[in-house]
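S.K.: Just passing along the structure, written as structure tokens.
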Amino acid sequence: TSHDRVINFGAGPSALPVPVLEEAAKGLLNFSGTGIGIAEISHRSKEFTECINNLESLIRTQLGVPHTHSILFSQGGGSGQFSAVVMNMLARYRLLHPDVKPEKITMDYVVTGSWSKKAAEEARRLGGGQVNIAVNSREFSKDGKSFDNIPAHDAFKFSRDPALIYYCENETVDGVEFSHELSEPTSFPFHLLKQGSLAPLAADYSSSFMCRPIPRLADHAIIYAGAQKNIGPAGLTVIIVRQDCIVDVDAAAKLGAAPVPITFSYKTLEESKSLYNTPSVISIYMTALVLELMKEKGGLAYYEDLNRRKAGRIYGLLKDGEEKGVFKRKVKAGSESWMNVVFEVLGDDAEKRFLEGAEHLGMKGLKGHRSVGGRRPRFIVQRDHR
Ligand code: PLP
């Protein structure tokens, strides 16, 4: 029963609402009155087609995705998109500029934490263009080596005609997020992008998807998110793509771009309505249940308000640079994540005692990411079902 459940602060996979789990348990036995369980039903059945179409419309209406953008579903997670974004955008660039040599093509990466750093490394590994680190926030950190801030706008150096500009909206491991107040110095510097620019702006929203509206959504070429952080089980990746960025990768390959694996091509996903091959049916089904519940609660306006209050409360206690008992926050003011609160527990065995005490109270998943240490509790955001 739900009484056996603990408070799971894990960043991903992370907690799901009990009503969704209970409904999904029924769906495992009998999906949508078919007498066939969701793990057993054809992804081409009428009932599943309705489910995936409903998922698309739940995302489109709640986020306000304009009709200039397609919503695609894929597998391969956020890491899969580290590669797919590069391959599809290099193909697009090749079609637009058939004669530019790879050493003259740039890809601008905004590095503000572990995940954007990883994405930049993947772009470098794939080749086909030069990676320009538009900004590296470590250079602006308190100790010169931590991802603890979003740098001021004048620190960003974009190249002239990049094949893509990439950023990670919420850095899950480091607890750093762009401000959504565009007047704030820690917002994304949209105003620095060339107006009417061809450079596609790609954003990793894996750990902040659907917790509040996305600023300047229509100005993005690609927004993607693995479901398992915020909206469902692992196995589903949501990709919102502006239609001019869905290109014929095979035509680009004939002009010298690297061939793109067929399941990674946005065009394949678009043309097959995200059913080129068997998708993760359970993830799609359960994510639709989560978004249905969110809609009932009042959609993103409701969650934005809720999450603002949660963030205000915890950061009101954990102030920048101040120690509060044994707790100390690292992330600079204005750069704090609404989703992943990273803090240190000071003292020799304080960390151990903190984790043991939390465990005793039925709170799990508080341990920080292995790469940075410290605690990383997560606000339970849109899954709030109390
Ligand atoms: N991007 C962000 C912001 C993440 O938090 C994660 C987490 O794992 C990833 C990308 C990688 O996602 P995946 O495990 O789905 O490849």
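S.K.: From the list I105, I150, pick out the single residue that is of a type outside the set (D, E), over 30 Å from T287 (Cα atoms), within 16 Å of the ligand (Cβ to nearest atom) and buried (at least 19 other Cβ atoms within 10 Å of the Cβ).
M.R.: The unique qualifying residue is I150.
S.K.: Here's something else I'd like to know. If you go through region 100-140, how many residues are touching a residue at least 60 places away in the same chain (Cβ under 8 Å) and farther than 15 Å from A199 by Cα?
M.R.: 9
S.K.: Does any residue of region 309-320 turn out to be of a type in the set (D, E) and within 22 Å of the chain's Cα centre (by Cα)?
M.R.: no
S.K.: So which residues in region 226-278 are of a type in the set (D, E, K, R) and modelled with pLDDT of 95 or more, if there are any at all?
M.R.: Matches in region 226-278: R242, D244, D248, D250, K254, K267, E270, E271, K273.
S.K.: Let me ask something else about it. Please go through region 8-34 and give me each residue that is touching a helix residue (DSSP H, G or I) at 6+ places or on another chain (Cβ under 9 Å) and small (G, A, S), ordered by number.
M.R.: A11, G12, S14, A24, G27, S32, G33
S.K.: If you scan region 277-298, which residues turn out to be buried (at least 19 other Cβ atoms within 10 Å of the Cβ) and of a type in the set (G, A, S)?
M.R.: The answer is S280, S283, A288.
S.K.: Please give the number of the condition L275 fails out of (1) out of contact with any His (no Cβ under 7 Å at 6 or more places or on another chain); (2) touching a residue at least 12 places away in the same chain (Cβ under 8 Å).
M.R.: With respect to (1) out of contact with any His (no Cβ under 7 Å at 6 or more places or on another chain); (2) touching a residue at least 12 places away in the same chain (Cβ under 8 Å), L275 is out only on (1).
S.K.: If you don't mind, another one. Got a number for residues in region 108-131 being within 13 Å of A163 (Cβ to Cβ) and touching a Phe, Trp or Tyr at 6+ places or on another chain (Cβ under 7 Å)?
M.R.: Of the residues in that region, 4 qualify.
S.K.: State all residues of region 324-354 that are assigned to a loop (DSSP other than H, G, I, E, B) and more than 18 Å from E177 (Cα to Cα); if no residue qualifies, say none.
M.R.: Once the filter is applied, which keeps residues that are assigned to a loop (DSSP other than H, G, I, E, B) and more than 18 Å from E177 (Cα to Cα), region 324-354 yields G325, V326, L346, G347, D348, D349.
S.K.: Let me ask something else. From S14, S70, grab the single residue that is surrounded by 16 or more Cβ atoms within 10 Å (Cβ to Cβ), within 16 Å of the ligand (Cβ to nearest atom), polar (S, T, N, Q) and under 23 Å from G226 (Cβ atoms).
M.R.: One residue alone meets the criteria, S14.
S.K.: Taking only region 238-252 into account, find how many residues are part of a helix (DSSP H, G or I) and under 18 Å from H97 (Cβ atoms).
M.R.: 6
S.K.: Output the residue which, of all residues in region 299-348 that are within 24 Å of C168 (Cα to Cα) and among the acidic types (D, E), is surrounded by the fewest Cβ atoms within 10 Å (Cβ to Cβ).
M.R.: D305
The values are calculated or read from the model by the stated rules, or taken from the named source; none is laboratory data. This is a predicted model, so every value here is computed, not measured. We place every Cβ from the backbone using ideal geometry, glycine too, and count neighbours over all the protein chains shown.
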